[in-house]
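The values are calculated or read from the model by the stated rules, or taken from the named source; none is laboratory data. Remember, predicted model here, so these are calculated numbers, not experimental data. With ideal geometry, Cβ positions are generated from the backbone for all residues, glycine too; neighbour counts draw on all protein chains shown. Accessible surface is based on the protein model in full, side chains and every heavy atom, while ligands, DNA and RNA are left aside. Shrake-Rupley method; radii C 1.70, N 1.55, O 1.52, S 1.80 Å.
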Amino acid sequence: APKAAPDEFDQKLLSALYGLRKRLAARAKIPAFLVLGDAALREICAKKPVSLDEFRSIPGVNEAKTARYGVSFVRLVQEMLDSRNG
């Protein structure tokens, strides 16, 4: 099936992912794109990984990024999905 335009939930998730990336980058004193690129954030939004294995499968994510940031991003996705599902 063709991919529909992002819905309101996906927009909220993407916004939350950008916010998390910004906080992680500020904490590490590095540019945000070094945490994860925009394409990776959009892919996370599309695939909604809820495990480290699923997170690692995102293009642009490697072992180091999984180890450093995986738990934070997976937790955010899970929290957003839980809040959507009531």
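List of remarks:
- Number of residues in region 7-39 that are within 19 Å of residue 83 (Cβ to Cβ) and of a type outside the set (Lys, Arg): the value is 13.
- Count of residues meeting criterion [open to solvent by 60 Å² or more (accessible area, probe 1.4 Å), over 14 Å from residue 76 (Cα atoms) and in a helix (DSSP H, G or I)] in region 12-33: 3
- Of note, residue 56 satisfies the criterion of being among the basic types (Lys, Arg) and touching a Ser or Thr at 6+ places or on another chain (Cβ under 7 Å).
- Positions within region 34-85 being touching a Lys or Arg at 6+ places or on another chain (Cβ under 8 Å), open to solvent by less than 20 Å² (accessible area, probe 1.4 Å), assigned to a helix (DSSP H, G or I) and closer than 17 Å to residue 22 by Cβ, in sequence order: 35, 41, 77
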